Amino acid sequence: MMRVMWPRRLILGFAAVLYAASLFMPAGVWFQDPDRGFEYLLFGWMGLFAGVFCWLANPCALITILLIAAKKYKLAVGFSVIAVLFAGSTLIYSAARFHIAFDAGGTFGTPAIGFYLWLTSLILLSIGTFLYNWKSNP
């Protein structure tokens, strides 16, 4: 019996489309100026020096994709979950900065649509990875 792979591929394809779209959408607002997702992708690693680890979701997602290609699904599941956790930490970090912004009277580090597309793409990547792992171990 042939295994049906299209739901997994469809989910991962949709995740890739959302990720690509997130690069061109406003991902965050700093003092009324929206920054595009590709700016966060290119320069987000600098946040590591300030204790902001959200950007690490990107290399974890890349490792997940490479592990799926290598058919190492259990490891891929782990990296995909870590990617979602790193990405989700943005919300915690943004909530902490909101109090600073409220006192300053502006929007400071508020997530925008590009962020939510990015987060959704990583969640879909994780779901697709779970399906690959589940279907490969009947």
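The values are calculated or read from the model by the stated rules, or taken from the named source; none is laboratory data. Quantities reported herein were computed from a predicted structural model and do not represent experimental measurements. We place every Cβ from the backbone using ideal geometry, glycine too, and count neighbours over all the protein chains shown.
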Only helices (runs of 4 or more DSSP H) wholly contained in region 32-111 count here; list those with 2 or more residues that are surrounded by 14 or more Cβ atoms within 10 Å (Cβ to Cβ), touching a Ser or Thr at 6+ places or on another chain (Cβ under 8 Å) and at pLDDT below 85. 73-104
Residues being over 25 Å from F130 (Cα atoms) and without any contact (Cβ under 8 Å) to a residue 60 or more places away in the chain - total across region 12-39: 4
Out of the residues in region 1-31 that are of a type in the set (A, V, I, L, M) and loosely packed, with under 11 Cβ neighbours inside 10 Å, which is modelled with the lowest pLDDT? M1
